[in-house]
Amino acid sequence: MGHRKHSAPRRGSLAYLPRARAKSIESRIRTWPDIDAKEPRLLGFAGFKVANIHLINIDDRERTPNFGKPLMSRATIIVTPPMKIIGIRAYTKDVYGLHSFFDIYAKELPKELERKVKIKPTSDDALKSIDDETLSKVSEFRAIVAVTPRDAGLEQKKPFVFEVGVGGGDIKSQFKYLSGILGKSIRINEVFKVGEYVDVSAITKGKGFEGPVTRWGIKRKQHKSRKSVRAVGTLGPISPATVMYTVPRAGQMGFHQRLEYNKRILAILNANENNITPKGGFMHFGVLKGDYIIVRGSVPGAIKRLVKLRYAIRPKVKKVVEPKIVDIVV
């Protein structure tokens, strides 16, 4: 048996333990940023991953060697169907965290919503009973929204229902804003602007059961070491007689929830006006329909998977500059 004389760095990050399968195919955003805005607005949106492409844009980053020059960037297309505001949820806050206070639901709800959950619309009397005294107990509001995959050209009829944070203004103005858009559909250009940075959350591609070499990146042993080549060299010391959680082991790889920060929106377009669908449709997706955005860089998840967008919680730049796109290579 071989023995190393020197120590080696550990293989693989322990920041994402446990590397288990996600409980749902829909990711969950737990934190919404505080924005400095006078008027209330929604802090998030959702779409479905379409394809990876390349585009040529003018580099507008100052203090870089390529400033003002054409730059080829990898980008991702995300189709963003209209988001239906089906309800309002108020939260109170104490030392134990947030607690649901009251819910208000729209009168006219999508028919597809019955496939997901049965909701009873809120009466007008219940809506009028919410006065200033009730609003004084509210800590924050969330919009309950529904996104239907069929609106994006997919086969799934059952909508995704989740909460979206609300920022800007005070509690009274936020309630007035949400009451005004209750039961209406919101488009992507009403939430985000071209050039803004967003955080992207999704469930990554599932890769099944993998060994420690692929899963953690450990080194393959030499052929004279022992019969196993792709197994870990040691499970730990003789004492304590237990296997530590830090030891790279085989198991599930992929299908984890991941959130990536600061993805720049390069374009917000509509397929009717700017149709970039190649002949025969996008591979594994099909024909692009409705509104869509182009985000610089990669996005976690497989094709057709739900992707949630959020205002950047730690943005790189405060000034929003609209990028200049020269050409899109599909």
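The values are calculated or read from the model by the stated rules, or taken from the named source; none is laboratory data. Everything numeric in this text was worked out from a predicted model, so none of it was measured. Every residue, glycine as well, gets a Cβ built from its backbone with ideal geometry; the counts of neighbours run over all protein chains shown.
Structure above, values below:
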item	result
Top-ranked residue in segment 1-22 [being out of contact with any strand residue (DSSP E or B) (no Cβ under 9 Å at 6 or more places or on another chain) and over 13 Å from Trp216 (Cα atoms); ranked as modelled with the lowest pLDDT]	Met1
Set Asp170, Asp151: member being without any contact (Cβ under 8 Å) to a residue 24 or more places away in the chain and among the acidic types (Asp, Glu)	Asp170
Flag if Arg63 is touching a strand residue (DSSP E or B) at 6+ places or on another chain (Cβ under 8 Å) and farther than 30 Å from Lys289 by Cα	no
Identity of the residue in segment 1-58, free of Cβ contacts under 8 Å to residues at least 12 places away in the same chain and hydroxyl-bearing (Ser, Thr, Tyr), that ends up nearest to Val295 (Cα to Cα)	Ser13
Qualifying positions in segment 296-330 - within 12 Å of the chain's Cα centre (by Cα) and not small (Gly, Ala, Ser)	Val299, Pro300, Arg305, Leu306, Val307, Lys308, Leu309, Arg310, Tyr311
Test: residue in segment 273-283 that is out of contact with any Asp or Glu (no Cβ under 8 Å at 6 or more places or on another chain), of a type in the set (A, V, I, L, M) and loosely packed, with under 14 Cβ neighbours inside 10 Å	yes
Single residue of segment 65-92 satisfying the filter (in a loop (DSSP other than H, G, I, E, B) and within 23 Å of the chain's Cα centre (by Cα)) that is farthest from Arg296 (Cα to Cα)	Pro82
Any hit, segment 65-75, residues being surrounded by 17 or more Cβ atoms within 10 Å (Cβ to Cβ) and at pLDDT 95 or above	yes
Residue check, Arg187 among the basic types (Lys, Arg), touching a helix residue (DSSP H, G or I) at 6+ places or on another chain (Cβ under 6 Å) and either free of Cβ contacts under 8 Å to residues at least 24 places away in the same chain or closer than 25 Å to Val320 by Cα (or both)	no
